[in-house]
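The values are calculated or read from the model by the stated rules, or taken from the named source; none is laboratory data. Please read these numbers as outputs of a predicted model, since none were measured by experiment. We place every Cβ from the backbone using ideal geometry, glycine too, and count neighbours over all the protein chains shown.
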Amino acid sequence: MQKFIRNKGKIEEIKPFKSKNGKVFARLRGMKDVLPDEYRYWSLISKKINELTKTYGYKRIDTPILENAELYERSTGKTSDIIAKEMFSFIDKNDDKIALRPEGTPGIVRSYVEHGMFNLPQPVKLFWLGQVFRHDKPQAGRFRQFTQIDLECIGEKGPVIDAQLILIAYNFFKELQIDIMIQINSIGCSECRKAYINKLENYYKERGNRTKLCNDCKRRLGKNSLRLLDCKEDQCIAISADAPQIIDYLCEECKNHFVKVLEYLDEVEVPYNLNSHLVRGLDYYSKTVFEIWPIDADDSNVEVSRQLALGGGGRYDGLVEYLGGRPAPACGFGIGVERVILKIKEKNIPLKDDDQADIFVAQLGDQARRKAMILFEELRRAGLQVRQDFSKDSLKNQLEVANKLGTKYSLILGQKEIVDGTILIRDMESGIQEVVDFKKIRQEITKRLNNEIK
Ligand code: HAM
């Protein structure tokens, strides 16, 4: 597509930059650059999640982007889409099979086990934010490199944790003014799930249902039969509509756990939708599973919502032990940051500018610029919110920058002020300028700013 700009009244085509050998580089498919303008959204999201995790006692953890591929094959599961189709993996120089992390949970659990975190007071509540890689088909809201926020609570089996994690996710979206609906289900423990899967497989095999399934589901049947319930193909959705529901097969413990989670959610008034077809595509889940689906005022298309889930999670009581740790029940969720940003943009949610500054230092002439640079450093070190644009020569251009930044005062140094040992204070709102003794400028500006706060 051709792009144009207006240059001194003339329309000119923007030609792509070509390097000397004529090659132009572009980012890889499904990868995204985060440009400075977009960082306002990222700051807002990290501010919100930092606030929430602090309040609910989740501590930040970071794990490496590269891990042994087997970690994911064993935890996320070989038959899951994430591992079977989407994981970026390669053989490194030591002949080890390495993977770019396709999700956060297995690395966090590995870290919990490897660092003996079971010796800490339980539960251990962890918060993680990092890049994730999945070789999926790129489309709006679906990237090959994206960012997840992850909260994991390891070492607690009580249903209050499941409900509280859902509450944190709910608060996160509500406070960002994004309308969502929590989809929730229980997939039981390995024991009660066995009996249910048996029933489910019989259902799909009977009355010729099997022949009508999509090819993926035909392959999954018998290997990962639960996944048939959340297949997105029309013919499979139609067949699954009458499938037996897992809720009817939960053992006493799983049923009680689920009822408690729902009761806690009712108590704190978090709305949810009981979704008997929600199974999540990852092997490690047990009991509670949930997803966060966006609600669009003009869009009742459930398919779009579930394909672009804003978050998802659940309980994984067996994973820590499975990865070699002492048995430790756990629960957590992940949120896709890029999808959250898309929602904020789509809804035009007003953002506060977090680059609010009080003072702008402007200068005219080389001698003034030198003195202004020293003054700027002095004010900055004194903790004042001060900005500049020393590469500009014209005062008009500098004041335009000051205006854009919304500064309250500009301090102006020109040749005359240098000679007189003074400086001008310009009130940016009224435009009134006052001459002040240069030696007293810090005192004077601090007094004005303090007066304003009162
Ligand atoms: P997940 O549902 O695979 O769960 O991913 C969580 C979120 O990541 C999704 O709901 C979505 O917002 C975002 N996401 C997934 N794929 C993409 C993509 N290709 N492009 C952009 N965003 C995407 C997990 O990963 C689990 N580890 C969550 C969890 C934590 N369960 C327990 N603890």
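Going by what's in this entry, would Arg339 be described as modelled with pLDDT under 95, near the ligand (Cβ under 10 Å from one of its atoms) and not in a loop (DSSP other than H, G, I, E, B)? Answer is no for this residue. Checked against the criterion of being more than 10 Å from the ligand (Cβ to nearest atom), under 21 Å from Ala328 (Cβ atoms) and in contact with a Phe, Trp or Tyr (Cβ under 6 Å, 6 or more places away or on another chain), the stretch 108-125 contains one or more residues that satisfy it. Of the residues making up the stretch 390-407, none is of a type in the set (Phe, Trp, Tyr), closer than 15 Å to Ile359 by Cα, at pLDDT 95 or above and assigned to a strand (DSSP E or B). Here Glu252, Glu291, Glu233, Glu303 are screened, and the one residue that is modelled with pLDDT of 95 or more and surrounded by fewer than 20 Cβ atoms within 10 Å (Cβ to Cβ) is Glu252.
All of (1) under 27 Å from the mean Cα position of the chain (by Cα); (2) closer than 21 Å to Asp81 by Cα hold for Lys223 with one exception: (1).
The rows are residues; the columns are (1) of a type in the set (Asp, Glu); (2) surrounded by fewer than 19 Cβ atoms within 10 Å (Cβ to Cβ); (3) part of a loop (DSSP other than H, G, I, E, B).
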{"residue": "Val132", "(1), (2), (3)": "no, no, no"}
{"residue": "Lys137", "(1), (2), (3)": "no, yes, yes"}
{"residue": "Gln148", "(1), (2), (3)": "no, no, no"}
{"residue": "Ala169", "(1), (2), (3)": "no, no, no"}
{"residue": "Phe172", "(1), (2), (3)": "no, no, no"}
{"residue": "Ile178", "(1), (2), (3)": "no, no, yes"}
{"residue": "Met181", "(1), (2), (3)": "no, yes, no"}
{"residue": "Asn185", "(1), (2), (3)": "no, no, no"}
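The number of residues in the stretch 209-251 that are of a type in the set (S, T, N, Q) and over 21 Å from Leu282 (Cα atoms) comes to 3. Residues in the stretch 305-336 that are near the ligand (Cβ under 10 Å from one of its atoms) and either assigned to a strand (DSSP E or B) or free of Cβ contacts under 8 Å to residues at least 24 places away in the same chain (or both): 12 in all.
Only residues that are of a type in the set (Asp, Glu) and either on the phi > 0 side of the Ramachandran plot or outside any helix (DSSP H, G or I) (or both) were counted across the stretch 373-389, and they come to 1. Quick check on the stretch 342-371: of everything there that is part of a loop (DSSP other than H, G, I, E, B) and aliphatic (A, V, I, L, M), which residue is farthest from the ligand (Cβ to nearest atom)? Filtering the stretch 342-371 for residues that are part of a loop (DSSP other than H, G, I, E, B) and aliphatic (A, V, I, L, M), the one farthest from the ligand (Cβ to nearest atom) comes out as Leu364. Comparison of Lys23, Lys10, Lys97, Lys85 shows that the only residue that is away from the ligand (no atom under 16 Å from the Cβ), surrounded by fewer than 16 Cβ atoms within 10 Å (Cβ to Cβ), closer than 29 Å to Arg219 by Cα and not polar (S, T, N, Q) is Lys97.
Residues in the stretch 160-167: is at least one farther than 30 Å from Asp296 by Cβ, within 15 Å of the ligand (Cβ to nearest atom) and modelled with pLDDT of 95 or more? Yes, the conditions are met somewhere in the stretch 160-167. Any residue at all in the stretch 117-127 that's among the polar types (S, T, N, Q) and free of Cβ contacts under 8 Å to residues at least 40 places away in the same chain? Checking the stretch 117-127: at least one residue is among the polar types (S, T, N, Q) and free of Cβ contacts under 8 Å to residues at least 40 places away in the same chain. Can Tyr284 be described as touching a residue at least 60 places away in the same chain (Cβ under 8 Å), of a type in the set (Ser, Thr, Tyr) and more than 18 Å from Gln164 (Cα to Cα)? Yes, satisfied. Looking only at residues of the stretch 80-118 that are assigned to a helix (DSSP H, G or I) and polar (S, T, N, Q), we find that the one that is nearest to Gly130 (Cα to Cα) is Thr105. Taken over the stretch 26-66, residues that are outside any loop (DSSP other than H, G, I, E, B) and more than 13 Å from the ligand (Cβ to nearest atom) amount to 23.
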